[in-house]
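Read the structure below first, then the notes.
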Amino acid sequence: MSQEPLVRDAEVADFRAAVLAKLTYAVGKDPDHAFDHDWFEAIALAARDHMVEHWMDHTRQIYRKGQKRVYYLSLEFLIGRLLYDSLSNLGLLDIAREALTDLGVDLERIRLLEPDAALGNGGLGRLAACFMESMSTLGVAAHGYGIRYEHGLFRQAIVDGWQQEQTENWLNFGNPWEFERPEVIYPISFGGHVETVTDSEGQQKQVWWPSETVRAIAYDTPVVGWRGSSVNTLRLWRARAIEDLHLERFNAGDHLGAVAEVARAESISRVLYPADSTEAGQELRLRQEYFFVSASLHDLLRRHLNGNDSLLNLADKAAIQLNDTHPSIAVAELMRQLVDEYGLAWDTAWEITVNTLAYTNHTLLPEALETWPVGLMERMLPRHMQIIYLINAYHIDSLRAKGQHDVDVLRAVSLIEEDNGRRVRMGNLAFLGSHSVNGVSGLHTQLMRSTVFSELHKLYPDRINNKTNGITFRRWLYQSNSELTAMLVDKLGPELLDNPEGLLKNLEPFAEQPEFRRAFAAQRLNSKKALARIIHERVGVTVNPEAMFDVQVKRIHEYKRQLLNLMHTVALYQAIRAEPETDWVPRVKIFAGKAAASYHQAKLIIKLANDIARVVNNDPTVRGLLKVVFLPNYNVSLAESIIPAADLSEQISTAGYEASGTSNMKFGLNGALTIGTLDGANVEMCDFLGKENMFIFGMTAAQVEERKHAGGFSAYGDVAASHRLNDVLQAIRGGVFSPDDPSRYAGLIDSLTSYDRFLLCADFDAYWDAQRKVEDTWHDADKWWRMAVLNTARMGWFSSDRTIREYAQDIWQALE
Ligand code: 26V
C-alpha cells in the first residue's frame, strides 16, 4: 500500500503516543521500568482502541439497517494469538513495528509473550475461529457464542517420551482483548421438577421448578475483519454462583460447605473438555452445553425484541448455526423459551425453531455422535426431556399418518435410542430441529446421506447439503508466511491481498519460470531454517534445513494414522541401514499433536514416535539422512511456524473417516505437496490441484466400505504378502525401539494384525510406493517446485471467505 510519507509518519507518531499513554494510564508503568509483558498489554490496548471505533460504527449500522444476524454457537473457538491478527487486519502492523522500534521495543519478541487462546481441541474449534474472521471480513453481522473457559486445552509436556497433561493458564496475566459485561447476565437453571398448572383462561401449562440456578456473565471480544472493514463480537459466557458465599452456612461454621456450591456453579466454565471424538462426555459436559446455549438464546431473543415487535419474524432476522451437536440442546431450549416463556403455540414455535436453526456435522465416527442417557436428562433438564418426547411423538405420528409403519425405519429416525440403555440422540434432534444440515466436504456429505442420516435423509431429501471447509488466508498466509506473501504481492500486485480467491491463480505462469521457482524454494529454505531453530530449542535435535521436511501435525487419532507414518519411518530406516550407499533423499519426519488424556492407544503412539526418534537420530549408519522429531505442545502458534516450513504434508486418514481436514488446505496454500488418501477435502483439493500435483494413494472410501462388509479387518494376509511390512512390524514388536521394555508394543502390533480397524496394513505397500514417487520428484527439483508453485496458485477456492459466502447465501440468507 503506497501512502503519503507525511500521513504515514503521523500514523506512526500517533500509534507511539497511544502505546505510551496505555502503558502509563492503563498498565501503570513508566517506559523505563516496563517489562516486556507490560509493553504487550499496552500495544494490545492501543490496537483494541482502533477496533472499538470500527466496532461501534458497525454495530450502529446493523441496528439501523435491521440487518439479518448470524449466530454461531460453538463450544470451541481455537483462536491462538490475536496481536498480529488485529494489527494486520487493521493495517497497522508496519506502523506498530516502526513506532515500537523508535521506543526500543521489538514487536517480534513481544508477540511471543501472548498466550494462545486455546479454547478448542482441534479442527472444529479452529474452523469456528476462521469463520469468525471471514464473517467480519465479508460484513456478515455475526455473533459468536461460546464459553469463556478459565483453562483452555491442556499443555502437553513430553516426559521420557510419554505425553503428560499440564493445566493451561491463559488468563494468568489477564486478557487485554475482552470486555467484561457485568450487566449482561442471565440466570440459568438446572434440575427440579415440572408441574402442570391451569391458568386463569383454563389453559394447561407446564411450569418448571428448577432446583439450582447459576448466572451466565458475558465477556465480549471484538473480531476485526480484513482492512478493519467490519467488527463483530465473540461473546463468551462465564459461570458465576448466584451468591458468592452461602452466608447462612458460613455463619453456622460450615466454612467449606459455604463455598462448595459456589465451586459447583463456577466449575461450568472452569475448563474445556479435552477429549476430541473418543470419549462420550459426562454430566459436566451436558451442563456446559445447556449453560451456554440457554444464555445465548436468551441474549439473542432479547436483542431481537429490541428491534422487533414480536418473535414471529425471528427466522427472517436471525440465523443460528449449531457447530456440531454440542449446542443441539438449542432445539429443545428454543422451544421452551418460545412456548413457556413467551407463550407461543407449539406449532408456531416449532416452525420458528426449524426455520432459524441449522446444524453442521463434523464427524461420522460412531463413538463421537453425542447421546445422553434419558435418566440424566430427566434429572438435569426435566422440562427439556418432556419437550424432546413431544417432538419425537409428533414426528413419529406424522410418519405413521403418512403410512410409514416399518419399525426399522421408525427406530432409525427416533430421537430415543432404545437398545443401549435409553439415550437421547443429539444428532437426530439437531437434524429434525433444523432446516439445513450440512457436511464439511463433498465426500463427508455424501456419507452423511448414505450412512448415519440415511433414513432421515429419505424423509427430508433437501435438508442435507455440503459446505466444504475453508481457512482464513489472513492468518494462514499473510501473517504466518509474510515472506511468501510479499513475493506473491510482488508478482501479482497488492490487489491480491483483497482478492486471493480470484487472483492467486495468476501465479500459475510463474511455475514455468526457473527464476521464480528458485526464489520460491529459497523462501521455503528460510522458513525451514527458522523451524530448525525451534526444533533445536525445544527438543535438542539438529536437523538439516536442506532435507525434505515431511510433516504430520494434528490431533493424534487412530483414524488419522500417525502409526502408518511411523511404520513408513521404520521401513525407511531399515532400508537406509540395508543399503547405506543408495542416493537417499535426506528427510526430517516431523510429528506434533495432542492425544486425549484417556486415549491410551494414542498416547502409546506418541511414545512410539519418541522411541523411534531416539533410536534413528542416534544411529551413526543413518548419517543424518533420516531424522525424526516429535514437537511437544502442538497449538495454533506452533502450527504457524511449522506449516510454512513443510515440504510434504501428510493427510493419510483411512478413506471415509476424516470429515474434511483443514491443515491439508493450510499446507497446500503455503506450497507444500500433499501425500494423502482420497478422504475429506483432499478430494476437492485433488479436483483443483490436479491429480498430477498430489501424491494420492490407498483404498477409496468405497473400497474401505466393501472390505468392511466382507469382514476383512484381519491383516494377516497383508502381512504375509509384504516382506517390508512384516519386517517393520517385527522390529517394533520385538523391541528394537524399546530396549528398556521390549514388550511395550507387542499389544499394539498384535491388535493391528488381528483387527486392523483403520486398514494401516492394507494401505502400507501403496503408501510406501507413493513415498518413493515423492522421492523421485524431490530428485527432480524443477518438477518439485513447479508442483509447489501450482499448489499455492490453485488453492484460492479453499478460502473460508468462499465457505462463508456459501453459508450466507444458501443457509442464512444473510448477504447484503
Ligand atoms: C467431540 C467431543 C466429544 C466428547 C467431549 C469433547 C468433544 C470435542 C469434540 C468432538 C468432536 C470433534 C469433531 C471434530 O473436530 N471434527 C473435525 O472437524 C473439522 C472441521 O470441520 C474437520 O476438518 C475434521 O476433519 C474433523 O475431524
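Structure data summary
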read-out: Helix-only [θ]222 nm of the chain, DSSP H runs n ≥ 4, -39500 (n - 2.57) each, per residue, nearest 500; value: -14000 deg cm²/dmol
read-out: Phi-based couplings in Hz for region 529-546 (Karplus 6.51, -1.76, 1.60; Gly and Pro marked x); value: 5, 5, 5, 4, 5, 4, 4, 5, 4, 8, 10, x, 9, 8, 10, 8, x, 7
read-out: Unit charges on C-beta of K, R, D, E only; dipole of region 99-223, Debye; value: 160 debye
read-out: Largest to smallest principal axis extent of the C-alpha atoms in the chain, angstrom; value: 93, 74, 61
read-out: Karplus-derived HN-Hα couplings along region 106-116 (A = 6.51, B = -1.76, C = 1.60, θ = phi - 60°), whole Hz, x at Gly and Pro; value: 9, 4, 4, 6, 4, 4, 6, 7, 6, x, 5
read-out: Carbon/sulfur fraction of accessible area - region 69-136, other protein chains in place, 1.4 Å, %; value: 53 percent
read-out: Region 252-351: GluC sites (Glu not before Pro) in DSSP coil with no more than 16 other Cβ atoms inside 10 Å; value: Glu279
read-out: Relative packing of 190-201, 544-555, which averages over residues the other C-beta atoms within 10 Å, highest first; value: 544-555, 190-201
read-out: Cβ-based charge dipole, the chain, positive-most Cα from Phe291, Ser436, Thr674; value: Thr674
read-out: Normalised contact order of region 644-787, rounded percent, pairs of Cα under 8 Å and 6 or more residues apart; value: 20 percent
read-out: Residue-normalised accessible area of the chain, expressed per residue, 1.4 Å probe, Å²; value: 38 Å²
read-out: Estimated dipole of the chain in Debye, rounded to 20 [Cβ of Lys and Arg +1, of Asp and Glu -1, Cα centre]; value: 540 debye
read-out: Relative contact order (percent, whole number), the chain, Cα cutoff 8 Å, 6+ residue spacing; value: 13 percent
read-out: Estimated dipole of region 488-632 in Debye, rounded to 20 [Cβ of Lys and Arg +1, of Asp and Glu -1, Cα centre]; value: 720 debye
read-out: Inter-part distance where region 372-431 and region 692-768 are each reduced to a Cα centre, Å; value: 40 Å
read-out: Amide H contacts of Val194 (H built 1.01 Å from N, under 5 Å, at least 5 apart or other chain); value: Trp209
read-out: Carbon/sulfur fraction of accessible area - region 284-334, other protein chains in place, 1.4 Å, %; value: 44 percent
read-out: Long-range HN-HN contacts of Ala141 with modeled amide H, under 5 Å; value: Val70
read-out: Under the Karplus curve 6.51 cos²θ - 1.76 cosθ + 1.60, θ = phi - 60°, whole-Hz ³J(HN,Hα) for region 476-492, x wherever Gly or Pro sits; value: 8, 10, 4, 7, 7, 9, 5, 5, 5, 4, 4, 5, 5, 5, 4, 7, 10
read-out: Peptide ranges 358-368, 459-469 listed from the most packed, as the mean C-beta count within 10 angstrom indicates; value: 358-368, 459-469
read-out: Loop sites in region 735-791: trypsin sites (Lys or Arg not before Pro), DSSP, at most 14 other Cβ within 10 Å; value: Arg757
read-out: P(r) weight above 18 Å for region 645-731, C-alpha pairs, percent; value: 52 percent
read-out: Of Leu608, Val224, Ser751, farthest towards positive along the dipole that unit charges on Lys, Arg, Asp, Glu beta carbons give the chain; value: Ser751
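The values are calculated or read from the model by the stated rules, or taken from the named source; none is laboratory data. None of these values were measured; they are calculated from a predicted model. Heads up, the Cβs are rebuilt from the backbone with ideal geometry, glycines too, and the neighbour counts pull from every protein chain shown. Surface areas here come from the heavy atoms of the whole protein model, side chains and all, with no ligands, DNA or RNA. Shrake-Rupley method; radii C 1.70, N 1.55, O 1.52, S 1.80 Å.
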